[in-house]
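The values are calculated or read from the model by the stated rules, or taken from the named source; none is laboratory data. Treat the numbers as computed from the prediction; the structure is a model and nothing was measured. Counting neighbours? That spans all protein chains shown, and the Cβs are built from the backbone with ideal geometry, glycine included. Protein only, heavy atoms only, side chains kept; ligands, DNA and RNA dropped before computing areas. Shrake-Rupley method; radii C 1.70, N 1.55, O 1.52, S 1.80 Å.
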Amino acid sequence: MTVGAILGLLASTPVLHWLGSRRGIAGALLLIAAAMTIMGLALIVGSVPLLAVAFVIVGLGIGALDVLINVEGSAVERAAGRTLMPMMHAAWSIGAAVGSGIGAACAALGVSPAAQIIAEAVLIAAAALGTAAGIPDGKRAPADQPPQDRGAKLRHWLRGWLDWRLLLIGVVMLGVELGEGSANNWLTLAVRNDHGQTAAIAALFFTAFAAGEALARICGGPIVDRLGRVRTIRVTTALGAIGMVLFIEAGNRWIVLVGVLLWAVGVSMGFPLGMSAAAESGPDPAARVSVVASIGYFANLAGPPAIGLLAQSAGLLNSFWLIVALFFAAFAAAGSFRPRPA
């Protein structure tokens, strides 16, 4: 799935120029639905290779969709004249909770994974067709810009990796996404093994983390409009670093819970505000969003295994000091989120 997601990120810019927002987003959702149908059929026939192919295709659709909806969301945000991206990303947090709840309910009711996945594919396809009409069909390339060949588009995307502003935005994304990915993978285990809680209590700690992240994003828009992106990132990453220190050092489970909630606040705003900052940092917002999204995906997917490797020699809680260090790096790089002069 990770391989597919990276390919989708690379394909997102030409897809946006070729199909436009409406058809690109609807097409990515329909691709995900089709791949999930294949996944369900692979489970029915017991084909592991077919299942693996389906995972790659799902990842491809998700990677492309992630850039397309963030470019479109940033355009809506600019048109509205107020901060909306954190609320949009709160929908992701809510969707993750709903999706895991559906999985738990299906397991409890004895619904097979194949039936669950195929039914979800039908719902996703219906949602794609139902929401497409509300998305503008315009293509993001300026009307007076001559069409570029594929080589020129690739060179333009590669130049984004040499843009210091995008790379500094990427530093913020690196810190917050490694923090989020590590929470997804290691928080429950650390609460259970290192803080001595039961498995049920440890699961509730992760629920508190997910709820805290969603709530911070829901309430974040007005805060960003008042403080600005730069100060918001500095406040949230500082709170995240404090939360990590409490989580690592505290012995009382209520203080550890406070640390978990501050950890959630610390990772909540970097990705949505980073997408907005990248889209506004220069021409061709899709290519720019693709660069910082690639860094975010890398941190979210590759960071937790790095924490695991550190934990083998230093212990899980001590390995979390890496996240503290990256929160400080994100704090230092927050100036890159400043709006670009018109």
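Distance from the alpha carbon centroid of the range 253-296 to that of the range 181-243 works out to 13 angstrom.
Residues E120, E72, ordered by accessible area of protein heavy atoms at a 1.4 angstrom probe radius and largest first, appear as E120, E72. With the charge dipole of the range 213-252 set up from +1 on Lys and Arg Cβ and -1 on Asp and Glu Cβ about the Cα centre, the Cα lying farthest toward the positive end among the listed residues V245, A216, T232 is that of T232.
Here the gap between L189 and W161, fully extended at 0.36 nm per residue and compared with their Cα-Cα distance, gives a gain of 6.5 nm. Farthest towards the positive end of the charge dipole of the chain, among the residues A332, M173, V258, is the Cα of A332, using unit charges on the Cβ of Lys, Arg, Asp and Glu. Taking θ as phi - 60° and the Karplus parameters 6.51, -1.76 and 1.60, the scalar couplings of the range 298-309 work out to 4, 5, 5, 8, 8, x, x, x, 5, 4, x, 5 Hz in sequence order, x denoting glycine and proline. With both labels modelled 7 Å from their Cα along Cα-to-Cβ, the L301 to R78 distance reads 2.8 nm. Expressed as a fraction of 2.2 N^0.38 Å, the C-alpha radius of gyration for the chain is 1.01. Given +1 on the Cβ of Lys and Arg, -1 on the Cβ of Asp and Glu, and no further charges, what dipole in debye does the chain carry about its Cα centre, rounded to the nearest 20? Using only the charged Cβ atoms, the result is roughly 640 debye. Ranked from largest to smallest solvent-accessible area, with a 1.4 Å probe on the protein heavy atoms, R165, R226, R338, R22 come out as R226, R338, R22, R165. Is the C-alpha gyration tensor of the range 199-319 telling us rounded, prolate or oblate? Criteria: a/c under 1.5 is rounded; beyond that, a/b larger than b/c is prolate, otherwise oblate. Note, shape of the range 199-319 comes out oblate. Computed from phi, the 3J(HN,Hα) profile of the range 257-267 under the Karplus parametrisation 6.51, -1.76, 1.60 (θ = phi - 60°) reads 5, 4, x, 4, 5, 5, 4, 4, 4, x, 9 Hz, with x in place of Gly and Pro. For the listed peptides 275-286, 293-304, 107-118, a ranking on the average number of other beta carbons within 10 Å per residue, highest first, reads 275-286, 293-304, 107-118.
Based on protein heavy atoms only, the range 215-342 ends up with 40 Å² per residue of surface accessible to a 1.4 Å probe. Taking 7 Å steps out from each Cα toward its Cβ at A200 and T2 produces label points 3.5 nm apart.
Taking every protein chain into account, the accessible area of the range 1-96 amounts to 44 square angstrom per residue (probe 1.4 Å).
Taking the protein heavy atoms of the chain in the context of the full set of protein chains, the accessible area attributed to carbon and sulfur is 71 percent at 1.4 Å. Taking 7 Å steps out from each Cα toward its Cβ at N318 and A127 produces label points 4.3 nm apart. Rounded to whole numbers, the Karplus 3J(HN,Hα) couplings from phi for the range 223-240 are 5, 5, 4, 7, 8, x, 5, 4, 5, 4, 5, 5, 5, 5, 5, 5, 5, x Hz, using 6.51 cos²θ - 1.76 cosθ + 1.60 with θ = phi - 60°, and x at Gly and Pro. Cβ-Cβ distance of A114 and D137, R₀ of 35 Å, FRET efficiency by 1/(1 + (r/R0)^6): the value works out to about 0.50.
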